[in-house]
Amino acid sequence: MFHKLLVAALFFSSIASAQTNAGDKLPVDPKVTVGKLPNGLTYYIRPNKMPEKKVELRLVVNTGSIMEDDSQQGLAHMAEHMAFNGTKNYKKNDIVSFLQSIGVGFGNDLNAYTSFDETVYILPIPTDKAGNLEKGFDILEDWAHNVTYLDQDIEEERAIILEESRLGKGAEDRMFKKILPELFANSKHGDRLPIGQDSIIKSFKPDEIRRYYKEWYRPELMAVIVVGDITPAKAQELVKKHFGSLTNPPGVRPRSYAEMPPYKNSSAIFATDKEATNYSASLNYSAFKNAEPTTVGAYRKDLVQGIFVSLMNQRLQELTQKENPPFIYGGVDFGSYARNYDAFSAFVSTGTGDVKKGLAALTEEVERVKKFGFTAAELDRAKKTRLNNIERAWNNRDKTESSAYVDEYVGNFLTQEPIPGIEKEYEYAKSLLPGITLDEVNNVTAVFKDEKNKFIYAMGPEPKAGDSLPSEADLVAVVDNGSKLELTAYEEKNIDADLLKTMPKAGKILSSTKDAV
Ligand SMILES: [Zn+2]
């Protein structure tokens with residue numbers, strides 16, 4: 001299939017633009033300087049005056065809970081906490097006091113996060129006061145190789161992590177703690193939730209966390225990102241000064257990535273929490289290997305997938321405008337928590353309404369698209385919307401906030417997400433969109449359509465006395481039943497969807513139109 005797409009891309013792009021060829025390497029936005037220090041540390045520098053007198057700094061470490069040994073479960077996350085507990089140049093609480101003094105949110109999990117595959121430190125520095133920037137770089141450098149890990153600080157942090165493990169960061173977090181091991185069944189991800197294992201947090205030897213820090217916080221796995229009101233020369237000088245002396249420890253273990261095997265059967269989990277307020281359900285297909293695009297041809301393939309997602313979301317949104325809608329919000333995605341993998345998933349939120357009904361409606365729409373695909377009119381509208389959106393972004397290209405660029409560069413470092421820049425993206429949209437065919441978009445389902453096994457999770461508040469929630473078997477049955485449904489193809493409404501939105505009581509008008517047909 002890929003080969004066919006590539007040929008098609010070559011053909012269409014050659015008539016649309018002489019400069020866009022499928023095999024061309026995607027360029028890097030010339031406005032960002034990407035470089036590597038001799039020790040392997042990567043840096044991204046981009047001057048940007050939105051806003052003025054502010055520089056966004058990030059230390060991105062390409063390690064997370066996946067790299068923990070069995071005896072270290074939870075210590076990638078705890079290492080992130082320890083960064084705020086004292087470093088060579090900032091004694092305990094000094095970093096937090098400094099962050100407070102410059103008016104940025106402070107503390108672990110606010111200025112940093114740890115996931116399966118990465119740990120990211122976030123430092124927005126207002127540069128109106130002399131010395132702030134230098135201090136910011138001092139802190140970033142200390143996080144990279146000078147965290148002190150004093151015995152007493154480690155002991156005190158155990159209780160804080162255990163409390164976080166017990167309470168989570170709210171109802172959703174607590175429910176995900178039950179869901180994720182099932183979502184990642186048969187994968188290392190299932191045993192490596194970043195929060196770790198309470199028994200290990202209580203009893204690990206301090207050297208275990210020091211060893212994690214020493215092994216995985218190494219310059220070849222790091223990127224420093226500097227975006228904001230600063231000259232590239234100054235930024236480069238500061239990066240070299242602060243990170244040039246870092247060294248990779250001898251005999252390092254390679255950074256590896258976990259496999260994500262397909263589901264062996266269909267299953268479901270219903271997680272509840274006293275403090276949850278809304279019901280939701282998610283339908284997940286097995287993950288498949290997928291690399292970020294490096295060529296124009298692969299970029300085009302991503303564009304086709306993006307259009308598929310927006311068409312699917314448009315249909316789900318249309319359902320929410322009906323009278324008595326089966327759900328209040330729905331969407332699909334090709335993302336995944338696992339590095340180098342994508343997975344098709346679909347999601348609905350039903351508020352306080354019937355989650356089984358919502359899941360059934362979602363299943364039906366996914367099955368309808370698998371069977372009949374989309375219509376030419378839908379594709380036309382989606383192409384126009386996409387082009388308009390990119391055009392708007394291009395028109396606003398001088399107003400992009402530094403924090404948005406930073407996110408792109410974090411993605412580029414960790415997953416090689418392309419960063420061609422808005423000028424190029426606009427150019428690609430203009431030359432590639434017209435050639436994208438309905439067959440190609442409908443063919444996006446090929447990666448998941450024949451997959452029998454799915455994982456379903458639902459979450460929400462505990463049922464009221466006397467009420468009951470659908471069983472896990474019920475949820476599986478709803479989804480399994482999808483392939484047996486007698487479905488009809490989607491029909492274009494007579495009234496333009498945009499027009500409808502502007503009318504009061506749109507649902508009622510829509511249903512009377514339907515009756516007339
Ligand atoms: Zn935390």
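Report the residue count in the stretch 240-261 for those that are assigned to a loop (DSSP other than H, G, I, E, B), of a type outside the set (A, V, I, L, M) and touching a Pro at 6+ places or on another chain (Cβ under 8 Å). Don't jump to the end; show me each part of the working.
First pass over the stretch 240-261, keeping only residues assigned to a loop (DSSP other than H, G, I, E, B): 244-261.
Within this subset, residues satisfying the condition of being of a type outside the set (A, V, I, L, M) are 244-245, 247-251, 253-257, 259, 261.
With the extra rule that they be touching a Pro at 6+ places or on another chain (Cβ under 8 Å), the set shrinks to 244, 247-248.
Here the count works out to 3.
Restricting attention to the stretch 466-512 and to residues that are of a type in the set (A, V, I, L, M) and modelled with pLDDT under 90, the residue that is surrounded by the fewest Cβ atoms within 10 Å (Cβ to Cβ) turns out to be Leu499. The sole residue among Pro434, Pro470 that is more than 21 Å from Glu378 (Cα to Cα) and in contact (Cβ under 8 Å) with a residue 12 or more places away in the chain is Pro470. Out of Ala343, Ala281, which single residue is more than 19 Å from Val444 (Cα to Cα) and either without any contact (Cβ under 8 Å) to a residue 12 or more places away in the chain or assigned to a strand (DSSP E or B) (or both)? Unique residue meeting the criteria: Ala281. Scanning the stretch 113-154 for residues that are away from the ligand (no atom under 16 Å from the Cβ) and either without any contact (Cβ under 8 Å) to a residue 12 or more places away in the chain or among the aliphatic types (A, V, I, L, M) (or both) returns Leu123, Ile125, Ala130, Gly131, Leu133, Ile139, Leu140, Ala144, Leu150, Gln152. For the stretch 52-60, the condition of being surrounded by fewer than 23 Cβ atoms within 10 Å (Cβ to Cβ) and within 16 Å of the ligand (Cβ to nearest atom) holds for none of the residues. Residue check: Ala404 meets all listed conditions (1) assigned to a helix (DSSP H, G or I); (2) aliphatic (A, V, I, L, M); (3) surrounded by 18 or more Cβ atoms within 10 Å (Cβ to Cβ) but one, namely (3).
A quick yes/no check of all residues on (1) crowded, with 18+ Cβ neighbours inside 10 Å; (2) touching a residue at least 12 places away in the same chain (Cβ under 8 Å); (3) over 24 Å from the mean Cα position of the chain (by Cα):
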{"position": "Phe372", "(1), (2), (3)": "no, yes, yes"}
{"position": "Asp380", "(1), (2), (3)": "no, no, yes"}
{"position": "Trp394", "(1), (2), (3)": "no, yes, no"}
{"position": "Pro418", "(1), (2), (3)": "yes, yes, no"}
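Just one residue in the set Asp24, Asp70 is acidic (Asp, Glu), in the same structural domain as Lys169 (by TED's automatic domain parsing) and more than 15 Å from the ligand (Cβ to nearest atom); that residue is Asp70. Please verify whether the stretch 295-307 includes one or more residues that are among the hydroxyl-bearing types (Ser, Thr, Tyr) and in the same structural domain as Thr375 (by TED's automatic domain parsing). Looking through the stretch 295-307, at least one residue is among the hydroxyl-bearing types (Ser, Thr, Tyr) and in the same structural domain as Thr375 (by TED's automatic domain parsing). Note on the stretch 155-179: residues that are away from the ligand (no atom under 16 Å from the Cβ) and surrounded by 17 or more Cβ atoms within 10 Å (Cβ to Cβ) amount to 3. All conditions but one from (1) more than 11 Å from the ligand (Cβ to nearest atom); (2) crowded, with 17+ Cβ neighbours inside 10 Å; (3) of a type in the set (A, V, I, L, M, F, W, C) apply to Ala79; the one that does not is (1).
The values are calculated or read from the model by the stated rules, or taken from the named source; none is laboratory data. Fair warning: this is a prediction, and the values are worked out from it, not measured in the lab. We place every Cβ from the backbone using ideal geometry, glycine too, and count neighbours over all the protein chains shown.
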